[in-house]
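Comments concern the structure below.
The values are calculated or read from the model by the stated rules, or taken from the named source; none is laboratory data. What you are looking at is a predicted structure, and each value in this text was computed from that prediction instead of being measured. Heads up, the Cβs are rebuilt from the backbone with ideal geometry, glycines too, and the neighbour counts pull from every protein chain shown. Just the protein is used for accessible areas: all its heavy atoms, side chains included, with ligands, DNA and RNA removed. Shrake-Rupley method; radii C 1.70, N 1.55, O 1.52, S 1.80 Å.
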Amino acid sequence: MFLHYIDLSWRSIKRTPVISFLMVFAIAIGIGLTMTSLSVYHMMSMDPIPHKSGNIFYPQLNIMDDGNEWHSSDNLPYQLTYQDAINLYNADIPVLKSPSFRSGFSVHLNSPEVKPTMEPARLVNREFFTIFDRPFVYGAPWSRDSQDTHEYVVVISEKINDRLFAGKNSVGQHIYLDNNSYRIVGVSANWEHHVKYYDVNNGAFNVAEQLYIPFSIAPLEEIGTWGNMNGWKHENSKGYQGLLASERVWIQFWAQLNTMQEKQQFGDYLISYMDDQREKGRFNREVLEFKLRNVTEWLEYNKVVSEDNRILVGLSFMFLLVCVSNILGLLLAKFLKRAPEVGVRRALGASKRHIFAQHIVEVSVIGLAGGLLGIAIAQLGLWGVRVTNSYYGALANMDVSMLLTAPIIALTASFLAGIYPAWLVCRTQPAIYLKSQ
Amino acid sequence: MLTMNNVSKIYQTNSVQTHALRDFSLTVNEGEFIAVTGPSGSGKTTFLNIAGLLEPFTSGQYTLDGVDIGGLSDNQTADLRNQKIGYIFQGFNLIPDLNLYENVEVPLRYRGIAAKERKIRIEQCLEQVGLASRAKHLPQQLSGGQQQRVAIARALAGKPRFLLADEPTGNLDSLMARQVMELLEEINKNGATIVMVTHDAELARRAPRNIQVVDGQLADFTLYQGKPTLAATRDNETVVASGV
Ligand SMILES: Nc1ncnc2c1ncn2[C@@H]1O[C@H](COP(=O)(O)OP(=O)(O)OP(=O)(O)O)[C@@H](O)[C@H]1O
Ligand SMILES: [Mg+2]
């Protein structure tokens, strides 16, 4: 019967091609717009590391003396000072943790054949790769030993490895970052994330860094950050060494805390650490304050998905609703014109349910066709976002879940439009139209 | 098979009330073949529609096959229509988008008959009305008489126990009309109960029982059956009518 209803729907659509096209098109436009905004929203708000997002934490310390204010919602700085980052990393707590910041270098092989390119880099400790589950194509993170002895080692991205070494195993080779030679210890798989969740301070939708070098090299080479640096007090610090000792915040920090207990212990440590620091004249405040936010909470706190995006999604759904109400009108006209035929069907033994099903199937066929066309329109829209907006580029994509969502929304929309007309038409009395004609 | 007791039907349109049937009482026995005559607008189609569960009645009692129709749900009447009753409508009421084959198929589908069985029945019925070769044609490609025959085939395909025919020969020439009449007589012989509305006195006379509807009421003509001429019938009709 279902196939028969599809057959009937197809005939009905063919009989009124203009109205049918209008309905399909209305759904398609609505779905196209909705799916464009929803896809971007979905990519933005998608959990970037679902199996671990609850276990990776970002500590924030309130380093300010009483009477100072930070421009954040809870008065906590978004980053750590260099000294706090180092101290936290060196703390004797058996959890994976790593400071990091973004910088960049001119990359070359010190030979005239390969032109140098500017590449973003991240200074991290070796635990960073484990915390964020970074897979390696070749090699592995540098050893604790290399890190402690300030060895000039580097993990390069697959992309750089492809360009400089034609994709071959380059572990053990050397490359130049600015004027220093670094030994390659690993090639990490390209990191394709929609949200750069491990460093939202430097643009939550930036691309991943292509180079990773030990954090311990920063003071030796006086490597500056490519990200934000903020302070809360006037300091007379001079030069790079001054920066390292200052109260300015510019370092991000992550710790993997697998259990509530680990989180509790880490929090306790933070308090005792701040207490200790008081003796050095820091943390002059009544109440010591810290926050440990996991990845999900961190993205939420940083409003990675902005209010604008939510409003855009809401607006596009409202537009879809307008399309739905138009379709409702068209369906009403179309179905009621068919009442005489429905009367005959009822007279010949069709129950209300038969008639309702027939019309709902027709509505679904229209909805589904609109949904498919809508996906095409959404792809066009996303392509438009990609070419006009490189920052949101990685977000303007439809993943499988969105591809599956589109027809579901289209069907829901068409049901919304079709249920009332189908219900009206299935209540046709069999006899009404039999006497005329 | 069918018992109507003081069934009335009032149509209410705006401020006008039309008493299409008034205290209509009739018993039809299993296997009967009844011809219904009466002037235009007297309520014949209304009677047939109520008998066929196509519309509700205003008051009175109606039992079909021992089932009290008044208390049935919409689904139950739909099932009864589908399983027991065949219709030949006054207008042919074919579905314009469906070809002849598919038109005849409609009631069979709702009854849930398998495709193979449907095919056999449809081809047989179209054969019976002489339209087998035009199974793929659309209704609008046929003459009125041919459409009428498709409507008959559609009613017969379900092998109904109770066949209601509203002017089944109205659009046919006398030869074709006689053939249709013979077809109805044959299925009546095979056990179907038939109620047929007709304006054709000659055809009506061939039916074993004649009834006349006048002004929404019934005049039973069994007494005069086979005897009266057309004129006599007219006379009697007037008498009955004025007696109301
Ligand atoms: N749906 C309706 N609404 C209002 N009045 C109706 C309706 N159907 C029928 N009537 C009226 O009821 C009366 C009986 O109509 P019905 O169709 O039963 O007559 P009929 O005997 O079949 O006539 P004909 O021989 O012309 O087919 C007529 O006066 C008609 O106008
Ligand atoms: Mg009539």
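With respect to the cross-link table entries A:LYS97/A:LYS159; B:LYS9/B:LYS44; A:LYS159/A:LYS196; A:LYS97/A:LYS280; B:LYS44/B:LYS119, which display a Cα-Cα separation exceeding 23 Å? Working shown, then result.
Details: A:LYS97/A:LYS159 26 Å; B:LYS9/B:LYS44 12 Å; A:LYS159/A:LYS196 18 Å; A:LYS97/A:LYS280 25 Å; B:LYS44/B:LYS119 34 Å.
Check vs 23 Å cut-off fails for A:LYS97/A:LYS159; A:LYS97/A:LYS280; B:LYS44/B:LYS119.
Dividing the summed helix terms, -39500 (n - 2.57) for each DSSP H run of n ≥ 4, by the number of residues in chain A produces a 222 nm estimate of -16000 deg cm²/dmol to the nearest 500.
When every alpha-carbon pair in region B:2-233 is counted, what percent end up more than 22 Å apart?
Roughly 53 percent, once rounded to a whole number.
Once the convex hull of all Cα atoms in region A:324-422 is built, its volume per residue stands at 95 Å³. When both region B:67-109 and region A:272-306 are represented by their alpha-carbon centers, they are found 76 Å apart. Taking label positions 7 Å along the Cα-Cβ direction at both A:ASN228 and A:ARG144, the computed distance is 3.5 nm, reported to one decimal. Taking every Cα-Cα distance in region A:63-288 and sorting them into 5 Å bins starting at zero, the pair-distance distribution P(r) comes out as 1, 6, 13, 18, 18, 17, 11, 8, 5, 2, 1, 0, 0 percent. Here is how the number arises for chain B: DSSP H runs of 4 or more residues each give -39500 (n - 2.57), the sum is divided by the residue count, and the result at 222 nm is -12000 deg cm²/dmol. When the Cα convex hull of region A:302-379 is projected onto planes of every orientation, the mean area is 7.2 nm². Solvent-accessible surface of chain A, averaged per residue with a 1.4 angstrom probe and all protein chains in place: 45 square angstrom.
Label sites at A:GLN261 and B:HIS137, each approximated as a point 7 angstrom past Cα along Cα to Cβ, lie 8.9 nm apart.
With both bridge residues required to lie in chain B, what share of the DSSP beta bridges run antiparallel, to the nearest 5%?
On the way: 20 of 37 bridges.
Around 55 percent of the beta bridges assigned by DSSP in chain B are antiparallel ones.
For a paramagnetic label modelled on B:GLN61 (point 7 Å from Cα along Cα→Cβ), amide N atoms under 13 Å away are absent within region B:143-167.
When the protein assembly as shown is described by a simple charge dipole with +1 on each Lys and Arg Cβ and -1 on each Asp and Glu Cβ, the residue from A:ASN284, B:GLY91, A:ILE184 located farthest towards its positive end is B:GLY91. Counting only Cβ charges, +1 for Lys and Arg and -1 for Asp and Glu, the dipole size of region A:169-294 around its Cα centre is about 140 debye.
Here's how it looks for B:ARG209: its modeled amide H is under 5 Å from those of B:PHE33, B:ALA35, which are all 5 or more places away or on a different chain.
With an 8 Å cut-off on Cα pairs and a minimum separation of 6 or more residues, tell me the relative contact order of region A:1-81 in percent.
Numbers: 20 pairs, mean separation 12.3, N = 81.
About 15 percent, as a whole number.
Considering only B:GLN128, B:GLN17, B:GLN217, the Gaussian network model of chain B with Cα springs below 10 Å gives its largest mean-square fluctuation to B:GLN17. Neighbouring Cβ atoms from other chains, within 10 Å of the Cβ of residues in A:339-347, number 6 on average. For A:ASN125, the residues 5 or more places off, or on other chains, whose built amide H falls under 5 Å of its own are A:PHE215. Residue-wise HN-Hα couplings along region B:102-107, as the Karplus relation 6.51 cos²θ - 1.76 cosθ + 1.60 with θ = phi - 60° gives them from phi, are 5, 4, 5, 6, 3, x Hz; Gly and Pro carry x.
Neighbours of B:TYR62, meaning other residues whose beta-carbon lies under 15 angstrom from its beta-carbon, give a summed charge of 0 when Lys and Arg score +1 and Asp and Glu score -1.
Taking every residue in A:8-21 and counting other chain Cβ atoms within 10 Å of its Cβ, the average works out to 1.
Note on region A:63-288: dipole from Cβ charges, positive end direction compared against A:LEU220, A:TRP70, A:TYR152; the farthest Cα belongs to A:TYR152.
Here the relative contact order of region A:274-401, from alpha carbon pairs under 8 Å that lie six or more residues apart, stands at 8 percent.
Just subtract the alpha-carbon distance of A:SER237 and A:ASN190 from 0.36 nm times their residue separation and send over the number in nm, one decimal.
On the way: separation 47, 0.36 × 47 = 16.92 nm, distance 3.85 nm.
So the chain would gain 13.1 nm between A:SER237 and A:ASN190.
Considering only B:GLU167, B:GLU123, B:GLU202, the Gaussian network model of chain B with Cα springs below 10 Å gives its largest mean-square fluctuation to B:GLU202.
Quick one: dipole size for chain B, taken about the Cα centre, charges +1 on Lys/Arg Cβ and -1 on Asp/Glu Cβ, in debye to the nearest 20. If you can, show how the numbers build up before the last one.
Details: 24 positive and 26 negative charges, 109 e Å.
That gives chain B a dipole magnitude of about 520 debye.
Local charge for A:TYR89 was computed over the other residues whose Cβ lies under 14 Å away, with Lys and Arg +1 and Asp and Glu -1, and equals -1. Per residue, the accessible area of chain B comes to 44 Å² when a 1.4 Å probe rolls over the protein heavy atoms.
Using unit Cβ charges (K, R positive; D, E negative) and no other charged atoms, how large, in debye to the nearest 20, is the dipole of chain A about its Cα centre?
Details: 38 positive and 39 negative charges, 656 e Å.
So the dipole magnitude of chain A works out to roughly 3160 debye.
Distance between the modelled labels on A:THR412 and B:THR18, one decimal in nanometres: 4.8 nm (7 Å Cα→Cβ projection).
Over the protein assembly as shown, the pair-distance histogram of Cα-Cα distances with 20 Å bins from zero comes to 15, 29, 17, 15, 16, 7, 0 percent, rounded to whole numbers.
Structural size metrics of region B:92-181, computed from C-alpha coordinates, are Rg and Dmax of 12.2, 37 Å. Under 14 Å from a label point set 7 Å out along the Cα-to-Cβ vector of A:LEU244, the amide N atoms of region A:142-162 belong to A:148-151. For chain B, the residue among B:GLY191, B:PRO107, B:GLN124 whose Cα projects farthest onto the positive side of the dipole built from Cβ charges is B:GLN124. Interface size, chains A and B: roughly 2400 Å² of accessible area buried, both sides included, 1.4 Å probe, rounded to the nearest 100. 3J(HN,Hα) along region A:234-245: 6, 10, 9, 5, 10, x, 5, 4, x, 4, 4, 8 Hz, from the Karplus curve 6.51 cos²θ - 1.76 cosθ + 1.60 with θ = phi - 60°, whole Hz, x for Gly and Pro.
As an equivalent ellipsoid, region B:58-112 spans semi-axes of 27, 13, 9 angstrom, where each value is the square root of five times an eigenvalue of the C-alpha gyration tensor, largest first.
Contact residues in region B:110-139 (at least 40 Å² less accessible area with all protein chains than alone, 1.4 Å probe): B:TYR110. Taking chain A as a Gaussian network of alpha-carbon nodes connected by springs under 10 Å, the highest mean-square fluctuation of the residues A:LEU330, A:LEU220, A:LEU164 belongs to A:LEU220. At full extension, A:LYS14 and A:LYS159 could sit 47.0 nm farther apart than now, given 0.36 nm per residue minus the alpha carbon distance. Computed in the context of the full set of protein chains, the accessible area of chain A at 1.4 Å probe radius has 58% of its extent on carbon or sulfur.
So for chain B, averaging the separation of alpha carbon pairs under 8 Å that are six or more residues apart and normalising by length, what relative contact order in percent results?
On the way: 419 pairs, mean separation 67.1, N = 244.
With pairs under 8 Å counted, the relative contact order is 27 percent.
Here the protein assembly as shown carries DSSP beta bridges of which approximately 70% are antiparallel, counting only pairs with both residues inside.
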